[in-house]
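Since the structure comes first, as structure tokens, the remarks are kept for the end.
Any read-out appearing in this document is the output of simple, stated calculations on the displayed coordinates, not a laboratory observation. Values in this document were obtained by computation on a predicted structure and should not be read as measured data. Here Cβ is always computed from backbone atoms with ideal geometry, including for glycine, and neighbour counts include all displayed protein chains.
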Amino acid sequence: MLQLTRRLASIDLETTGLNPQTDSIVQIGVVFLDIDGSQHEWQTLVNPLKPIPPSASEVHGIIDADVSASPTFREVASTLLFSLEGCDLAGYALIPFDLPFLIEEFKRVGHTWDPYESRLIVDAQQIFFMKEKRTLEAALRFYCNISHPAAHDALGDAKASLQVLDGQQVKYKDMPSSLEEIVKWSLPEGYVDPEGKLKLNSDGLPAFAFGKKHFGHTLDEVAQTDSSYLTWILSESFNPIVKRFCQEALNKTKEGMLQQMEDHF
């Protein structure tokens, strides 16, 4: 049983595609787990105000007719924000998929939401990939010895994520019980952000841990030699922690240039 210090929200989304910048949410499922172990569920279909591509419908089974009378994300945003207030977060592929979509959807309707600020985030996929490298359906079979007939249904996947976390705790004796320790335990050593985009180098400075162009280079170095790369990251759907470090590096470089100009004159 997970040891919680506050309510945990297990989240899963179904969408029109894979790009948070251009695609939209069509279903939201959340399972709220309280400190005392009690649960309650919330789910809704969402009208994306655009056609759902057949390729997406083949995955989750949701078609245009299913969402035509459903609320838009703008209409559910305030309720969702209020429900997630003060919650730690869990899910499967939550960090690379669901959170970027929620951040962008909230932004499009005028809300600023930073899920990485003052809360714990645990992604069962990270633990699973660290140990076994499988899909959610396989994870449920592997850890819990049950099938997953509700695969690609938002609420069904949210429930499955909690079951997988419980199963992982049973299987891995080195897995901590407190959510805070699980977050630390599941993050690869030295990485700065949950997605592993930035990693501390031997000098303790954040450096890029992805891509060929600047892999291994510190953010300060890139800010001085290729600032447009950091500007590009700020405009794309990278997680807020990566963006924060990029902005700080750009600001530091700008302040250094201004200081040089003042010293010169």
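Numbers below:
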read-out	value
Computed lengthening from Ser68 to Ala151, 0.36 nm per intervening residue step minus Cα-Cα distance	27.6 nm
Placed amide H near Gln27: partners under 5 Å, 5+ positions off or other chain	Glu14, Val46
Of [x] 78, 54, 39; [y] 68, 47, 33; [z] 56, 55, 33, the label for Cα extents along the principal axes in Å derived from the coordinates	[y]
Fraction of antiparallel bridges per DSSP, the chain only, in percent to nearest 5	70
Cα-projected label distance for Asn251 with Asp203, points at 7 Å along beta-carbon direction, nm	2.1
Stretchable slack from Glu58 to Glu41, in nm (0.36 nm times residue separation minus alpha-carbon distance)	3.6 nm
Highest-first arrangement of 213-223, 76-86, where packing means the average Cβ count within 10 Å	213-223, 76-86
222 nm mean residue ellipticity, helices alone, for the chain (DSSP H n ≥ 4; -39,500 (n - 2.57); rounded to 500)	-13000 deg cm²/dmol
Relative packing of peptides 136-142, 120-126 - highest average C-beta neighbours within 10 Å first	120-126, 136-142
Which of Val170, Val164 has the fewest Cβ neighbours within 10 Å, and the rest in rising order	Val170, Val164
20 Å Cα-Cα threshold exceeded, pairs from Lys197/Lys243; Lys171/Lys197; Lys199/Lys243; Lys50/Lys107; Lys213/Lys254	Lys171/Lys197; Lys213/Lys254
Karplus-derived 3J(HN,Hα), 6.51/-1.76/1.60, for each residue of the range 18-25, Hz, glycine and proline x	10, 9, x, 6, 10, 9, 9, 7
Two-site label geometry, Glu236 and Met130: point separation in nm, points 7 Å out along Cα→Cβ	2.6
The range 155-187 and the range 105-120: distance between their alpha carbon centers, rounded to Å	24
Ordering of 89-99, 34-44 by packing [mean C-beta count within 10 Å, highest first]	89-99, 34-44
